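Participant: This is the structure I want to talk about, given as structure tokens.
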Amino acid sequence: MQPLQKDNIMSSIPHFNLLTSELADLNRKLERRDFLKRTAGGLGAMALGSLLTNNASAKSFEQQILDALPTIAPKAKRVVYLFMSGGPSQFETFDYKPTLNNMLGQQLPDSVRNGQRLTGMSANQAILPIIPSAYNFNQYGKSQTWVSELLPYTAQVIDELCVIKSMYTEQINHDPALTFFQTGHQLPGRPSIGSWLSYGLGSENKNLPAFIVLVSKNASRDQPLYARLWGNGFLPSQHQGVQFRSGKDPVLFLNNPEGYDGEDRKEMLQYLSQLNHLQNDEWGDAEINARMSQYELAFRMQTSVPDVMDISNEKEEVFELYGPESRDKGSYAANCILARKLLEKDVRFVQLYHQGWDHHGGLPQGIKYQCKQTDQPTAALIVDLKRRGMLDDTLVIWGGEFGRTVYSQGKIDKENYGRDHHPRCFTMWMAGAGVKPGMTYGQTDDFSYNIVKNPVHVHDFQATLLQIMGINHEQLIYKYQGRRFRLTDVSGKIINDILT
Amino acid sequence: MTYFLGHLHPLLVHLPIGILLFGILMMIYQQLTAKDMNQAISFSFLAGSITALFSCVAGWLLAQSGEYDEVLIQKHQWAGITTAILSFAIYFIRRFRWVMVLMLAILLTITGHYGATITHGEHYFFPPIKDNDKIKAISNDTPINLIDTTPINKKDTFKVVQYNIYQAEIVPILKTNCYNCHSAAKQKEGLRLDTESFIKKGSKNSLVLITGDPLNSLLYSSLVLSIDDEKHMPPKGKHQLTQNEIQSIRKWIQNGASFKTRVDTIYVKNRLANHLSSQVEPLTKEKKYNNTFKQIPNNQPALIHSPEISAKNPDTLSKIVLNLFQQKNIILTPINKESNYLMANFVNAVPFDKSNLLLLKQIKQQLVALKLSNLPIKDEDIKIIAGLYNIKKLQLENTAITNLSLEYLQQLPQLQTLNLYGTNITDDGLYKLTQCKNLSVLYLWRTNITEQGITKFKMIKPAVKIEIGDFKFQAK
């Protein structure tokens with residue numbers, strides 16, 4: 001094929017006292033903001049501005065940061081984040097509150113609630129009746145951790161988990177709480193955790209994205225999920241999470257159109273890349289590079305994705321481990337197997353979403369069903385990672401966006417009650433690389449309403465996660481529209497007590 | 001006021017020079033033409049004497065600023081004062097006028113020369129020959145072989161030589177461009193650039209060198225200011241630095257402005273390869289990461305703290321070697337950016353090519369973790385790996401190795417974590433691993449190892465954690 005040529009500017013100006021790269025820079029068309037930045041002192045200073053800021057060897061602020069990553073020796077190389085969307089109740093899972101059993105139907109004391117604003121869903125209730133867990137708890141493992149009878153499989157691997165009972169968030173509704181958890185800010189528009197990690201640490205496997213999202217198809221979709229939860233925000237767009245689906249097309253628009261040959265596509269991409277290179281020479285916009293790398297990755301994914309999505313050659317014993325639903329593609333259990341396969345391929349960040357935990361009513365039956373769907377596959381994932389030696393350098397995270405209230409929303413009945421959103425405390429757990437196994441961290445009061453010991457804010461969790469991945473959260477910075485952004489914004493402290 | 005009068009000196013000195021010379025010229029003219037010009041001659045010597053007197057006063061005031069070389073000033077000063085006295089003498093005394101005029105002419109020349117040396121520097125008339133210090137600095141140093149280059153490419157032979165950036169690159173630039181006004185001879189603004197201590201001391205008003213921050217170091221920033229700016233150096237009209245020289249100074253300051261550090265640079269003999277080496281930027285570790293990042297003390301697992309393993313900074317590895325790793329899709333990652341240890345991952349290096357393993361020899365000092373999972377690795381390949389003596393973590397799961405491999409692997413003195421799941425090893429092979437002194441974690445799921453084998457192994461190595469993968473859920 002014929003290479004596309006562009007006039008060489010340098011050859012026509014032989015005695016210009018600038019480096020080639022500087023000249024190329026001056027000849028670029030610039031965005032307004034870039035233009036103003038570089039010509040700070042007016043047009044006359046343009047050449048000087050270029051001398052001061054754009055030398056071939058003078059690296060940008062962002063590049064200097066990336067060059068220094070990881071700043072700390074990482075304990076985990078990969079993360080699998082099992083996100084239980086909707087807000088699982090801590091009362092029926094991990095936070096055992098036996099004293100509530102004698103208080104069924106009693107009004108929640110004002111001294112506990114302390115004037116906290118409730119959601120519109122329960123704020124107008126005449127009373128806020130306390131409802132204990134409908135399910136029993138037992139102690140398991142060497143750590144003697146209390147686990148609900150709804151999680152019999154998780155209970156068997158409890159000694160691998162580090163249970164944090166003192167999580168709290170600032171958001172009380174799903175959308176802002178989810179966004180806050182994934183991006184560090186309640187308003188949409190910032191990069192999600194996986195995007196930050198992809199940006200900061202890059203991808204190990206060049207044939208797969210560094211950030212992959214799997215959404216269970218078999219969950220009750222009580223609250224929506226949106227692609228911006230795995231969005232790249234203002235980071236270059238190759239760092240956005242890529243959703244793998246269970247159907248015929250795991251990644252949308254990845255396969256060639258019918259009747260279109262792979263060689264044709266290759267040639268088309270080569271020409272496209274040349275055109276993009278010309279455009280990049282002209283504009284120098286980082287998004288052009290992002291687009292090129294995405295096209296190239298997509299082409300490689302045409303072969304790597306069908307390979308990794310195929311779980312048919314897994315051994316029988318594996319399906320047994322992950323439970324009966326694991327043969328059903330797209331189910332949470334099948335996604336857990338898939339997640340393990342992706343992690344084996346050194347994908348940096350795999351995030352599973354499982355909806356259906358928003359039990360405002362009918363909680364006992366609802367949560368029983370949720371646990372049945374997720375308990376065995378989750379525990380199986382831990383077991384499977386462990387025997388493959390992957391729990392050494394893989395971090396597993398389980399949790400939702402907030403907790404639920406001690407009082408019942410709506411009608412109260414020991415067998416049928418509901419719980420409203422509760423941001424002041426909830427439970428999540430981590431396991432694997434970097435965290436202490438068989439540990440319980442933090443403590444809530446007898447009503448699991450307030451935290452009495454070792455509170456962990458969402459930003460603290462994010463800071464700890466980055467720390468385990470080898471990044472000081474205060475140092476992973478991206479400058480956008482004149483402001484320096486971090487995942488943990490201006491806060492976040494590392495929970496050193498749970499780190500190995 | 002004294003400042004102002006002092007700075008009139010360069011202007012005033014030209015008056016006595018011109019007037020006195022003109023007086024001498026008139027004396028010669030009078031001699032040749034026999035016209036009576038005595039009155040005019042006397043007047044010119046009077047005027048010359050008075051302006052010389054003013055010049056002396058102004059010159060003395062200027063010398064008080066202390067910006068100039070004292071020895072030269074002394075000479076210039078006394079020559080100037082003698083000139084002034086002599087010209088008064090010529091005016092008042094009519095006898096021996098010719099002798100005195102001759103002396104005056106000589107004195108004027110001497111004074112003028114000293115004056116010019118002070119303002120324009122020693123090499124104003126006869127510029128120094130461009131010195132070859134840079135080349136000398138490199139060739140005088142003994143080249144040190146840091147990397148074993150033989151198996152890579154026999155055509156390219158390259159050596160690593162050390163040289164001091166300051167001596168080899170910075171001093172020659174300063175010498176040709178700055179010493180005229182900022183050295184022993186003259187200290188404009190009180191600044192000298194001819195020794196380390198003077199550069200660090202700065203000018204009378206401010207520092208000129210702020211380590212790591214070229215834009216705030218006048219030593220660099222004054223070079224890139226607009227040529228019309230008052231503070232631009234060298235001043236307008238003087239010879240300017242080349243772009244490369246300016247960049248050298250910027251890099252030097254940015255990288256810590258060390259006067260002592262010697263860096264390794266690759267010296268390639270082959271002419272074609274010479275082009276490559278010019279793109280290799282010499283970097284030392286502390287220079288590369290001295291930006292805004294503060295170091296966090298880490299409490300890391302054994303992979304990191306290893307007083308028994310010393311490895312050179314991977315930056316000392318040849319770019320050519322590192323490029324080969326990249327070409328072969330082998331991922332090399334430093335444990336962290338402060339560490340000299342590397343991890344190698346072959347996840348992208350498919351289909352597997354045995355010769356890729358040979359590449360690892362180039363980094364055997366730095367390599368502490370190696371992942372070869374799911375590749376058709378055979379026993380003979382493990383022979384190469386057995387030579388990578390610093391490996392602590394080795395992942396060989398789902399490979400085609402057998403017991404023979406374990407015989408080779410027992411030679412690895414640092415080996416701590418070994419993943420063998422999904423391989424065809426048996427109890428006999430496992431027993432060989434009892435020789436591994438530092439072994440602490442073993443993954444043996446889906447192998448032919450039996451319970452007896454493990455019991456036997458555990459009797460010798462009770463501390464080793466073995467993951468056999470026999471966990472089964474209790475049905476609920």
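The values are calculated or read from the model by the stated rules, or taken from the named source; none is laboratory data. Just so it is clear, the model here is predicted, and its values are computed rather than measured. FYI the Cβ positions are ideal-geometry reconstructions off the backbone, even for glycines, and counts take in every protein chain you see.
Participant: How many of the residues in segment A:393-408 are basic (Lys, Arg) and surrounded by fewer than 24 Cβ atoms within 10 Å (Cβ to Cβ)? Give the derivation first.
Facilitator: Taking segment A:393-408 first, the residues basic (Lys, Arg) are A:404.
From what is left, the residues that are surrounded by fewer than 24 Cβ atoms within 10 Å (Cβ to Cβ) are none.
Residues meeting the conditions: 0.
Participant: Another question, then. So which residues in segment A:134-185 are free of Cβ contacts under 8 Å to residues at least 12 places away in the same chain and more than 19 Å from the chain's Cα centre (by Cα), if there are any at all?
Facilitator: Across segment A:134-185, the qualifying residues are A:Gln139, A:Gln144.
Participant: Within 20 Å of A:Met301 (Cβ to Cβ) and of a type in the set (Ser, Thr, Tyr) - does that describe any residue in segment A:238-248?
Facilitator: Taking segment A:238-248 and keeping what is within 20 Å of A:Met301 (Cβ to Cβ), we get A:238-248.
Then drop every residue that is not of a type in the set (Ser, Thr, Tyr), which leaves A:246.
Yes, because at least one residue in segment A:238-248 is within 20 Å of A:Met301 (Cβ to Cβ) and of a type in the set (Ser, Thr, Tyr).
Participant: Would you pick out the residues in segment B:350-387 that are more than 14 Å from every other protein chain (Cβ to nearest Cβ), crowded, with 21+ Cβ neighbours inside 10 Å and closer than 20 Å to B:Leu439 by Cβ?
Facilitator: B:Leu367, B:Ile377, B:Ile382, B:Ile385
Participant: Determine which member of the set B:Leu215, B:Leu209 is within 19 Å of B:Gln254 (Cβ to Cβ), aliphatic (A, V, I, L, M) and within 12 Å of another protein chain (Cβ to nearest Cβ). Spell out how you get there, then give the answer.
Facilitator: Numbers: B:Leu209 fails: within 12 Å of another protein chain (Cβ to nearest Cβ).
None of the others qualify; the one that does is B:Leu215.
Participant: Tell me, which helices (runs of 4 or more DSSP H) wholly within segment A:260-371 include 2 or more residues that are touching a residue at least 40 places away in the same chain (Cβ under 8 Å) and closer than 26 Å to A:Ile397 by Cα? Walk me through it before giving the result.
Facilitator: Details: elements: A:262-283, A:286-309, A:316-322, A:332-344.
Where helices (runs of 4 or more DSSP H) fall fully within segment A:260-371 and carry at least 2 residues being touching a residue at least 40 places away in the same chain (Cβ under 8 Å) and closer than 26 Å to A:Ile397 by Cα, they are A:286-309, A:316-322, A:332-344.
Participant: Can you say whether A:Asp310 is more than 14 Å from chain B (Cβ to nearest Cβ) and of a type in the set (D, E, K, R), as far as the supplied structure shows? Break it down into steps so the answer makes sense when it comes.
Facilitator: On the way: more than 14 Å from chain B (Cβ to nearest Cβ): yes; of a type in the set (D, E, K, R): yes.
Yes: the conditions hold for A:Asp310.
Participant: In addition: Conditions: (1) within 12 Å of chain A (Cβ to nearest Cβ); (2) surrounded by fewer than 18 Cβ atoms within 10 Å (Cβ to Cβ). B:Pro235 meets all but one. Number of the miss?
Facilitator: Every listed condition holds for B:Pro235 apart from (1).
Participant: How many residues are crowded, with 17+ Cβ neighbours inside 10 Å and either at the interface with another protein chain (Cβ under 8 Å from one of its Cβ atoms) or modelled with pLDDT under 75 (or both) when one looks only at segment A:66-79?
Facilitator: Here is the first cut: in segment A:66-79, the ones crowded, with 17+ Cβ neighbours inside 10 Å are A:68-79.
From the residues that got through so far, the ones that are either at the interface with another protein chain (Cβ under 8 Å from one of its Cβ atoms) or modelled with pLDDT under 75 (or both) too are A:68-75.
Here the count works out to 8.
Participant: Also: How many residues are at pLDDT 95 or above and away from every other protein chain (no Cβ under 13 Å) if we restrict to segment A:454-484?
Facilitator: Matching residues across segment A:454-484 total 11.
Participant: Does any residue of segment A:338-352 turn out to be within 30 Å of A:Gly418 (Cβ to Cβ) and out of contact with any Asp or Glu (no Cβ under 7 Å at 6 or more places or on another chain)?
Facilitator: yes
Participant: Which residues, counting only those in segment A:110-133, are surrounded by 14 or more Cβ atoms within 10 Å (Cβ to Cβ), of a type outside the set (Val, Ile, Thr) and closer than 24 Å to A:Val452 by Cα?
Facilitator: Scanning segment A:110-133 gives A:Arg113, A:Leu118, A:Leu128, A:Pro129, A:Pro132, A:Ser133.
Participant: Here's another thing I want to ask about it. Residues that are in contact with a Leu (Cβ under 6 Å, 6 or more places away or on another chain): list the strands (runs of 3 or more DSSP E) wholly contained in segment A:385-451 that include at least 2 such residues. Can you show your working first?
Facilitator: On the way: elements: A:394-399, A:403-408, A:419-422, A:426-432, A:439-441.
Hits in segment A:385-451: A:394-399, A:426-432.
Participant: In addition: So A:Lys386 ticks every box in (1) within 14 Å of chain B (Cβ to nearest Cβ); (2) touching a helix residue (DSSP H, G or I) at 6+ places or on another chain (Cβ under 6 Å); (3) crowded, with 20+ Cβ neighbours inside 10 Å but one. Which box is left unticked?
Facilitator: (2)
Participant: May I ask you to verify whether B:Leu430 is under 23 Å from A:Asp384 (Cα atoms), assigned by TED's automatic domain parsing to the domain that holds B:Lys461, in a strand (DSSP E or B) and out of contact with any His (no Cβ under 7 Å at 6 or more places or on another chain)? Step through it out loud before you land on a result.
Facilitator: Values: under 23 Å from A:Asp384 (Cα atoms): yes; assigned by TED's automatic domain parsing to the domain that holds B:Lys461: yes; in a strand (DSSP E or B): no; out of contact with any His (no Cβ under 7 Å at 6 or more places or on another chain): yes.
No, not satisfied.
Participant: Considering each residue of segment B:440-465, count those that are buried (at least 17 other Cβ atoms within 10 Å of the Cβ) and either touching a Phe, Trp or Tyr at 6+ places or on another chain (Cβ under 9 Å) or within 14 Å of another protein chain (Cβ to nearest Cβ) (or both), and give that number.
Facilitator: Of the residues in that region, 10 qualify.
Participant: How many residues are surrounded by fewer than 22 Cβ atoms within 10 Å (Cβ to Cβ) and either within 14 Å of chain A (Cβ to nearest Cβ) or in contact with a His (Cβ under 7 Å, 6 or more places away or on another chain) (or both) if we restrict to segment B:395-414?
Facilitator: The qualifying residues number 1.
Participant: Out of everything in segment B:74-113 that is touching a Leu at 6+ places or on another chain (Cβ under 7 Å) and β-branched (Val, Ile, Thr), what residue ends up being nearest to B:Ile28 (Cα to Cα)? Outline the logic, then answer.
Facilitator: Applying the first criterion (touching a Leu at 6+ places or on another chain (Cβ under 7 Å)) to segment B:74-113 yields B:79, B:82-84, B:86-87, B:90-91, B:100, B:103-104, B:107-108.
Restricting the remaining residues to those that are β-branched (Val, Ile, Thr) gives B:82-83, B:90.
Numbers: B:Thr82: 23, B:Thr83: 20, B:Ile90: 15 Å.
My answer is B:Ile90.
Participant: Among the candidates A:Gln243, A:Gln270, single out the residue that is under 17 Å from the mean Cα position of the chain (by Cα) and within 24 Å of A:Glu287 (Cα to Cα). Break it down into steps so the answer makes sense when it comes.
Facilitator: Working: A:Gln270 fails: under 17 Å from the mean Cα position of the chain (by Cα).
Answer to the selection: A:Gln243.
Participant: Here's something else I'd like to know. Among the residues of segment B:20-36, is any hydroxyl-bearing (Ser, Thr, Tyr) and buried (at least 17 other Cβ atoms within 10 Å of the Cβ)? Break it down into steps so the answer makes sense when it comes.
Facilitator: Filtering segment B:20-36 for residues hydroxyl-bearing (Ser, Thr, Tyr) gives B:29, B:33.
Pick out the ones that are also buried (at least 17 other Cβ atoms within 10 Å of the Cβ) and you get none.
No, because not a single residue in segment B:20-36 is hydroxyl-bearing (Ser, Thr, Tyr) and buried (at least 17 other Cβ atoms within 10 Å of the Cβ).
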